[in-house]
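Undergrad: Below is a structure I'd like to ask you about.
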Amino acid sequence: MAISTADFKNGKAILIDGKPCVIIEFQHVKPGKGGAFVRTKIRDIRTGRVNDLTFRSGEKFDEIRMDTKEMQFLYSDDDGFNFMDTSDYNQVSLPAEKVGDAAKWLKENDIASLQYAGDELIGVEPPMFVELEVVETEPGFKGDTVQGGSKPATLETGAVVQVPMFVNTGDVLRIDTRDGRYITRI
């Protein structure tokens, strides 16, 4: 199915010169002189390379069907990250490059969404909110809760987030994985 530049959305997969690509971001530009155009950041699915490309407004591309599969994260080792399909118990091992930034939010037994463009894996989406234990942070002091300051805290997955001063080592926190923001202490 062909789509126009007017139908671009972040995360949409398209074919550019026979290569499967994902739109990371785009911007429609209407200059005072000349025709409108679209600036895009495109990631090649096979190589992972990100390119800045410009297209004339109204240009058409073939769309690639996107599928999402819910899988349970089992463990990570030297070979990569291992996931299991809970419906048929098939296991998949993915290299760290394919998992990307989602790795810092994945905890054993969490359910993650594996995104496919056609038959090719394009990325791993962690749960929107995760509950992780703080393994290292500076101690809080009495009275630090009022001012609303923040300090860095290292979580059990290795991620570092900014947390309020009253958070201590051993606390379990709810984190928004979309932007790595502290939500609340559990």
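Undergrad: Hey, can you tell me all the residues within segment 43-66 that are exposed (fewer than 15 other Cβ atoms within 10 Å of the Cβ) and touching an Asp or Glu at 6+ places or on another chain (Cβ under 9 Å)?
TA: Across segment 43-66, the qualifying residues are Arg46, Gly48, Val50, Asn51.
Undergrad: Moving on. Taking the conditions exactly as written (modelled with pLDDT under 85, closer than 30 Å to Pro164 by Cα and of a type outside the set (Asp, Glu)), does Lys104 satisfy them or not?
TA: no
Undergrad: Also, quick follow-up: Of these, Met84, Met71, which one is in contact with an Asp or Glu (Cβ under 7 Å, 6 or more places away or on another chain), at pLDDT 90 or above and under 30 Å from Leu132 (Cα atoms)?
TA: Numbers: Met84 fails: in contact with an Asp or Glu (Cβ under 7 Å, 6 or more places away or on another chain).
Only one candidate qualifies: Met71.
Quick grid of which residues meet (1) modelled with pLDDT under 90; (2) under 27 Å from the mean Cα position of the chain (by Cα); (3) among the charged types (D, E, K, R):
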{"residue": "Thr145", "(1), (2), (3)": "yes, no, no"}
{"residue": "Ala159", "(1), (2), (3)": "no, yes, no"}
{"residue": "Gly170", "(1), (2), (3)": "no, yes, no"}
{"residue": "Arg174", "(1), (2), (3)": "no, yes, yes"}
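Undergrad: Checking Ile23 against (1) in contact (Cβ under 8 Å) with a residue 60 or more places away in the chain; (2) closer than 29 Å to Gln91 by Cα, which test does it fail?
TA: It fails just one condition, (1).
Undergrad: Being exposed (fewer than 15 other Cβ atoms within 10 Å of the Cβ) and within 15 Å of Ala13 (Cα to Cα) is the filter here, so list the residues in segment 28-42 that pass it.
TA: Once the filter is applied, which keeps residues that are exposed (fewer than 15 other Cβ atoms within 10 Å of the Cβ) and within 15 Å of Ala13 (Cα to Cα), segment 28-42 yields nothing.
The values are calculated or read from the model by the stated rules, or taken from the named source; none is laboratory data. What you see is a predicted model, and the numbers here were worked out from it, not measured in a lab. Every residue, glycine among them, receives a Cβ derived from its backbone with ideal geometry; neighbour counts consider all protein chains shown.
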